[in-house]
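No lab work stands behind these numbers, since they all come straight from the coordinates. Nothing here was measured: the structure is a model prediction, and the numbers come from that model. Cβ placement follows ideal geometry from the backbone for every residue including glycine, while neighbour counts extend to all protein chains displayed.
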């Protein structure tokens, strides 16, 4: 086998891998959008049928990880770089939090018990962190990693991740903008220090601050997809 033919085969394998990674991203995104828009519109948000496309999406992700030999540590379930990830997150979080607190103060909308009807000031943020871990796993541990296969690390793959995260929150305008901005930060940090625990902590805390500072009507109860208009 000549050097040129070997190089061609390597390029062909890389192209196949990129195409497969792109197909994986599209499949997961479509499954989520079907749950948000189609099934919710047909049977309602509380019907168990809504879990079907989500379960299929996670099954695809788990199978993909297994076939690619990705470990939990590879995905970001690790502690060795937790401090590094927090260090990258802390300054943007403090700046955004300060801006939101000022807005909430002058708009008279500060209420740290607002999240889910005034439940525990700690209980809901903790649940938000767990929900954030699930979202960040799908967004970063899967979509971000696949986006880097397709477009490489850097601006393009980060932007794709952020745009998709924002798209999942359409047509809620304020939430779409907030999640796009958050997606930019979290995707950037993940590519530099892949730690899902730090991202989940950031996700949960920033969601709590967002809900506690902005007027309730602006966020429309965090409704997205068909629930926003249905």
Under Stokes-Einstein, with the Kirkwood radius over Cα pairs standing in for Rh, what whole-number D in µm²/s applies to segment 18-67 at 37 °C and 0.692 mPa s? 289
Point-to-point label distance, residue 98-residue 62, nm (Cα→Cβ direction, 7 Å offset): 4.4
Of the candidates 172, 144, 81, which one comes out as most mobile in a Gaussian network treatment of the chain with C-alpha springs shorter than 10 Å? 81
Peptide ranges 208-215, 192-199 listed from the most packed, as the mean C-beta count within 10 angstrom indicates: 192-199, 208-215
With everything on Cα atoms, drop me the angle between helix 173-192 and the longest principal axis of the chain, reported from 0 to 90° to the nearest 10. 50
Those residues of segment 11-27 whose amide nitrogen sits under 11 Å from the label point placed on residue 163, 7 Å along Cα→Cβ: none
Can you tell me which of 185-191, 94-100 comes out highest on packing, and rank the rest after it, using the mean Cβ neighbours within 10 Å? 185-191, 94-100
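Could you rank the peptides 130-141, 34-45, 69-80 by their average count of other C-beta atoms within 10 Å per residue, with the highest value first?
Values: 130-141: 20.5, 34-45: 16.7, 69-80: 13.5.
Top to bottom by mean Cβ count within 10 Å: 130-141, 34-45, 69-80.
Which shape class applies to segment 104-230: rounded if a/c is under 1.5, otherwise prolate when a/b exceeds b/c and oblate if not, where a ≥ b ≥ c are the square roots of the Cα gyration tensor eigenvalues? Working shown, then result.
Working: a/c = 2.17, a/b = 1.62, b/c = 1.34.
Note, shape of segment 104-230 comes out prolate.
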Helix 155-167 axis, angle to the chain major axis (alpha carbon atoms, nearest 10°): 50
Helix axis angle, 123-136 relative to the chain longest principal axis, alpha carbon, degrees: 20
Note on the chain: alpha-carbon gyration tensor, axes a ≥ b ≥ c; rule is a/c under 1.5 for rounded, else prolate if a/b larger than b/c, else oblate; result prolate
